[in-house]
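Take a look at the structure set out below.
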Amino acid sequence: FGVVTGIDVDIIERLPTPYGLVRYGVAPDHPEVKNVENDFAALFENQNDASSVSYYGNVSVGKDISLSKLQSLYDVVILAYGCQAACKRLGIPGEDSLEGVLRAREFVAWYNGHPEYGHIGSIVQKCLWNTSGDDERELDSSAISPARVVVIGQGNVALDCARILAKGKPGLIDTDTPSQVLDILKGGVSHVSVVGRRGHIQGAFTIKELRELTKLKDEGNNATFIVRREELERGMTDSSKEELKGAAGRPKTRIDKLLQDSSKLYHSSDEDSKKQVELRFLMSPVSLVPKDSNSDRVGNVICERTKLEGEAFNQKAVGTGETESFPADLVLVSIGYKGMPLEGMEESQMFDQSKGVVVNEHGKVFGADNLFVTGWIKRGPTGIIGTNIMDSKDTANSIMSFLDLKNNNAQPQSSSSEDESESLFGRNGLEEFLKSNNVEFVNWEQYLRIESSEKEPSRLRSGDHPREKFLSVEDMLIAAKG
Amino acid sequence: MTSLLRRPASLAASIAMRPLHQAKSSKIKVSARPSMVFKRPELGNLGLRSFSSKETVTITYIDASGDEHPVQAEVGKHLLDVAHDNNIELEGACGGELACSTCHLVFDQDVFDTLPTKSDEEEDMLDLAFELTETSRLGCQIRVTKEFDGIKIRIPDDGY
């Protein structure tokens, strides 16, 4: 039969909606970061004769269709499912047993309206409002919670959490934060402490997110940003100074300067701010202890003061024995995501349990014929959206080499393989399989219906409100099929 | 209480392909995306961004492989948009809103010195650029001027 040029790509996603962390990870007050959606949407809109891209939402690989079935239907299967399911652990007392301790990942998914994290809302509500002494229903939407929140970790996710808690409904009203979330956050929380065990030079956050915290007050959020000069000085070891040198040290040098300038700005007039966000450095959490009044709930985070020891780029935070107790009504643990194997992959050599990644070389998975991997599940949960551009080029290159080889080695089809023409391959095979197994997949057009329903004026808070997300898969499917 | 252990999201991209007769084993080239500016009505300052006189000057983009691409650039347009208009491979992942560093461009010193000062926000994004130089800027922030006639601008490697 005829040789057709071009590549057809099918994208399979567990939720009805695509985009992953762009929809459920990127903070709602960072809409410009979500602009990449337009490039992704263009893949589906701008098709040409040589190749095509199709979308299959609401299909769970491992449950609705096995990975091995996919591998048999397609020339190449690429895993790009990220690190959604698990997190690194602190390994300290109280981490698992106390109420009011959440993974930052869950908190983020909740404030972004992820359909599987709605239950986080009642936990946050209890932490923020049950100890206020006021009947919560009486409080208006700008009431500030007296709760004290401790965020453990200092990556961009930790800073996002702090900023969202500080802004509350007034600061987020024109974003796509779900209304149910804003009703729980109300006017924000009065105290957020973001603690990191190493110094400010070693923090994983980038300057953009830090700068936003320094601007909270000027932008009308009634929240002061605090860093302690003393902690900046403690963190400026000789090794840290080494880390600032040269062109590679430029980003950290600018972060240091911004923090130094911020530490000078705090003065008594800031006492008028109703809210406070502080970054605390060289503080390592050693245990979570319950409230005196209720032994099921977290009450304090005990931290040990650390000092940095070691060579540049390899400094370790060593305990000094000095401790400080942080009162906490809500604790968000933000120390990193972790990858998980797909169903069926657990026992194989394909998955590196300690790193939480699929074992691969330039994206080609070891021990599997036509399996490739890209993104966080390939290299671990680090980097920004743009990092994936290089990563995907690397994997795409491996795929093209693989296809070249396959092409060159292809045997001519013999006429006796008639049963192969009976079973469908690729997209047709996938659809036939899904339909015969009653899997209700969502195609691109149907996703667009979800999108336009979310933007329906009757759902929106105001003319500036970009969309009111559906908070359940059921509601998404109704909109998709309607 | 619902179990918090979730199954991983299975976003699996699958490729179905008939044999390619032109599969290349060399580095793949990602084709330039057409300018997305006009497809984003939500960009509040759309009018401002696309304003330009009809006057053009000649500027040359040097791509990561060293190949030169002279183009006619409309005065007043941002260098990112000019690249897209002329099918030059220059990523602009965030659409020109200072939320990424993918439109990173490197200028000659004498041209760089004439450019308007960087904002903190542009500097913050440049911090993340691969192989940042002393004369680096983001293409979405620099508008073409008449004085750009004849200049060459380098598109640096993106790390791949």
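The values are calculated or read from the model by the stated rules, or taken from the named source; none is laboratory data. Here the structure is a predicted model, which means the values were calculated and not measured. Cβ atoms come from the backbone with ideal geometry, glycine included; neighbour counts cover every protein chain shown. Just the protein is used for accessible areas: all its heavy atoms, side chains included, with ligands, DNA and RNA removed. Shrake-Rupley method; radii C 1.70, N 1.55, O 1.52, S 1.80 Å.
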Residue pairs qualifying under the 9 Å Cβ cut-off, at least six apart or on distinct chains, with the first in the range A:209-225 being away from every other protein chain (no Cβ under 14 Å) and of a type in the set (A, V, I, L, M) and the second being open to solvent by 70 Å² or more (accessible area, probe 1.4 Å) and not in a helix (DSSP H, G or I), are A:223/A:217; A:223/A:274
Output for the range B:71-119, where each listed residue is closer than 23 Å to residue A:254 by Cα, of a type in the set (A, V, I, L, M) and touching a Gly at 6+ places or on another chain (Cβ under 7 Å): B:105
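Every residue, every condition in (1) at pLDDT 95 or above; (2) open to solvent by less than 20 Å² (accessible area, probe 1.4 Å), yes or no:
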| residue | (1), (2) |
| --- | --- |
| B:53 | no, no |
| B:59 | yes, yes |
| B:70 | yes, no |
| B:75 | yes, no |
| B:92 | no, yes |
| B:135 | yes, yes |
| B:158 | no, no |
Tell me, please, whether a residue that is more than 14 Å from every other protein chain (Cβ to nearest Cβ), more than 26 Å from the chain's Cα centre (by Cα) and modelled with pLDDT under 95 can be found in the range A:251-263. yes
Residues of the range A:174-208 that turn out to be of a type in the set (Gly, Ala, Ser) and within 14 Å of chain B (Cβ to nearest Cβ), as a count: 2
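Determine which member of the set A:325, A:293 is among the hydroxyl-bearing types (Ser, Thr, Tyr), open to solvent by 50 Å² or more (accessible area, probe 1.4 Å), within 29 Å of residue A:96 (Cβ to Cβ) and in a loop (DSSP other than H, G, I, E, B).
The unique qualifying residue is A:293.
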Quick one: which residue in A:380, A:386, A:363, A:367 is more than 10 Å from every other protein chain (Cβ to nearest Cβ), closer than 30 Å to residue B:131 by Cβ and modelled with pLDDT under 95? A:380
Count - residues of the range A:296-316 that are closer than 29 Å to residue A:245 by Cα, over 26 Å from the mean Cα position of the chain (by Cα) and open to solvent by 40 Å² or more (accessible area, probe 1.4 Å): 6
Which one is farthest from the chain's Cα centre (by Cα), of the residues in the range A:197-229 that are of a type in the set (A, V, I, L, M, F, W, C) and surrounded by fewer than 21 Cβ atoms within 10 Å (Cβ to Cβ)? A:226
Failed condition for residue A:382, given (1) closer than 29 Å to residue A:237 by Cβ; (2) polar (S, T, N, Q); (3) surrounded by 16 or more Cβ atoms within 10 Å (Cβ to Cβ): (3)
Taking the range A:389-404, which residues are more than 7 Å from chain B (Cβ to nearest Cβ) and under 24 Å from residue B:95 (Cα atoms)? A:391, A:392
Taking the options A:106, A:99, name whichever one is within 13 Å of chain B (Cβ to nearest Cβ) and open to solvent by less than 60 Å² (accessible area, probe 1.4 Å). A:106
Condition broken by residue A:205, with the remaining ones in (1) within 23 Å of residue A:307 (Cα to Cα); (2) out of contact with any helix residue (DSSP H, G or I) (no Cβ under 7 Å at 6 or more places or on another chain); (3) not in a helix (DSSP H, G or I) satisfied: (2)
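Only residues that are more than 21 Å from residue A:104 (Cβ to Cβ) and more than 8 Å from chain B (Cβ to nearest Cβ): list them for the range A:19-39, please.
The one that is more than 21 Å from residue A:104 (Cβ to Cβ) and more than 8 Å from chain B (Cβ to nearest Cβ): A:37.
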Which one is farthest from the other protein chains (Cβ to nearest Cβ) among residues in the range B:75-93 that are among the acidic types (Asp, Glu) and within 19 Å of residue B:131 (Cα to Cα)? B:89
Of A:388, A:407, the only residue that is free of Cβ contacts under 8 Å to residues at least 40 places away in the same chain, over 25 Å from the mean Cα position of the chain (by Cα) and assigned to a helix (DSSP H, G or I) is A:407
Exactly one condition in (1) more than 8 Å from every other protein chain (Cβ to nearest Cβ); (2) at pLDDT 95 or above is not met by residue A:116; state its number. (1)
Of the candidates A:59, A:53, the one satisfying the condition of being touching a strand residue (DSSP E or B) at 6+ places or on another chain (Cβ under 6 Å), surrounded by fewer than 22 Cβ atoms within 10 Å (Cβ to Cβ), over 30 Å from residue A:331 (Cα atoms) and more than 7 Å from chain B (Cβ to nearest Cβ) is A:53
If we keep just the residues of the range A:40-50 that are under 20 Å from residue A:14 (Cβ atoms) and open to solvent by less than 30 Å² (accessible area, probe 1.4 Å), which is farthest from the other protein chains (Cβ to nearest Cβ)? A:44
Among the numbered criteria (1) open to solvent by less than 10 Å² (accessible area, probe 1.4 Å); (2) away from every other protein chain (no Cβ under 13 Å), which single criterion is violated by residue B:124? (2)
Out of (1) open to solvent by 20 Å² or more (accessible area, probe 1.4 Å); (2) in contact with a Pro (Cβ under 8 Å, 6 or more places away or on another chain); (3) part of a loop (DSSP other than H, G, I, E, B), the odd one out for residue A:148 is which? (3)
Kindly indicate which of A:62, A:100, A:91 is free of Cβ contacts under 8 Å to residues at least 24 places away in the same chain and over 19 Å from residue A:9 (Cβ atoms). A:91
Quick count over the range B:94-115, residues being among the hydrophobic types (A, V, I, L, M, F, W, C), free of Cβ contacts under 8 Å to residues at least 40 places away in the same chain, closer than 15 Å to residue B:136 by Cα and buried (at least 19 other Cβ atoms within 10 Å of the Cβ), is 2
